[in-house]
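Below: one structure, written as structure tokens.
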């Protein structure tokens, strides 16, 4: 199986002693960075709803973005992102064999880089997939990427001999993957919290993001090739609920006491 996750806004730029790979869409990322570099501070602020300080930070990042960066300028994607999903993934604790398996089976969707492998070297950036960044291809990043991300995922699925993709990405990012171009079975796990208040299980965004990262970790560590295996997921106190699930949307519920 393939499993996909979203990137994160927050980065951890600690030095990492690993061999990095080059992103598949590096040339496309260079073009997008050039487009973003030409935006004014006000444009960047409006584009992503940033504060003044964050707008300046990201203006400087795009200004310094190098088409041919040295290794000192790069960090491996799965270790550089540091948001809620990556707290669940805990990529830094995967051993060498697990990381090698992840390199073939785990993908990170990205507004700037399109799709990333865990060890692909990235430069610091922030560019959300939902951004309305105008390019020659259209007025949004969905227009820019079109079917490219889907085709790359489909090619990798062929390479690892699978017809299934486990979607642990947010809707914002998975919206850049047209199902007709992907041509794979899509399984989207759903994570819910039960507070025991009689109102039933609900999705809580913060916990769901972390759980999606934990599910990606589970797939990697178990080397799952059969989607039926994900119903055994039990990290963080979650348990599969068959009564709430649909064939392509398995539901996992955690009781309030487990929080």
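Laboratory data are not the source of any read-out in this text; all were calculated from the coordinates shown. In this text, all values refer to a predicted model and were calculated from it rather than measured experimentally. Please note: Cβ atoms are built from the backbone with ideal geometry, for glycine as well, and neighbour counts cover all protein chains shown.
Quick test for you: out of 204, 177, 251, 187, pick the one residue that is more than 18 Å from the chain's Cα centre (by Cα) and either crowded, with 18+ Cβ neighbours inside 10 Å or closer than 30 Å to residue 24 by Cα (or both).
So the residue among 204, 177, 251, 187 that is more than 18 Å from the chain's Cα centre (by Cα) and either crowded, with 18+ Cβ neighbours inside 10 Å or closer than 30 Å to residue 24 by Cα (or both) is 251.
Six or more apart or on different chains, Cβ atoms under 8 Å: show the pairs whose first residue is in the stretch 105-129 and on the phi > 0 side of the Ramachandran plot and whose second is surrounded by fewer than 24 Cβ atoms within 10 Å (Cβ to Cβ) and not in a strand (DSSP E or B).
114/23; 114/24; 114/25; 114/28; 114/29; 114/148; 114/152
What are the residues in the stretch 220-259 that are touching a residue at least 60 places away in the same chain (Cβ under 8 Å), more than 17 Å from residue 168 (Cα to Cα), part of a helix (DSSP H, G or I) and touching a helix residue (DSSP H, G or I) at 6+ places or on another chain (Cβ under 9 Å), if any?
If the condition is that a residue be touching a residue at least 60 places away in the same chain (Cβ under 8 Å), more than 17 Å from residue 168 (Cα to Cα), part of a helix (DSSP H, G or I) and touching a helix residue (DSSP H, G or I) at 6+ places or on another chain (Cβ under 9 Å), then 257 is the only one that fits.
Do any helices (runs of 4 or more DSSP H) lying entirely in the stretch 19-80 carry at least 1 residues that are farther than 21 Å from residue 144 by Cβ and under 23 Å from the mean Cα position of the chain (by Cα), and which ones are they?
In the stretch 19-80, 52-64, 77-80 are the helices (runs of 4 or more DSSP H) which contain 1 or more residues that are farther than 21 Å from residue 144 by Cβ and under 23 Å from the mean Cα position of the chain (by Cα).
Which ones in the stretch 185-208 are touching a residue at least 60 places away in the same chain (Cβ under 8 Å), farther than 15 Å from residue 246 by Cβ and touching a strand residue (DSSP E or B) at 6+ places or on another chain (Cβ under 9 Å)?
Those that are touching a residue at least 60 places away in the same chain (Cβ under 8 Å), farther than 15 Å from residue 246 by Cβ and touching a strand residue (DSSP E or B) at 6+ places or on another chain (Cβ under 9 Å): 193, 194, 195, 196.
Give the stretch 81-111 a look and list any residue that's over 21 Å from residue 225 (Cβ atoms) and surrounded by fewer than 24 Cβ atoms within 10 Å (Cβ to Cβ), or say none.
Residues satisfying the conditions are 82, 83, 84, 87, 90, 92, 93.
Within the stretch 142-159, which residues are over 16 Å from residue 172 (Cα atoms) and without any contact (Cβ under 8 Å) to a residue 60 or more places away in the chain?
If the condition is that a residue be over 16 Å from residue 172 (Cα atoms) and without any contact (Cβ under 8 Å) to a residue 60 or more places away in the chain, then 151, 154, 155, 158, 159 are the ones that fit.
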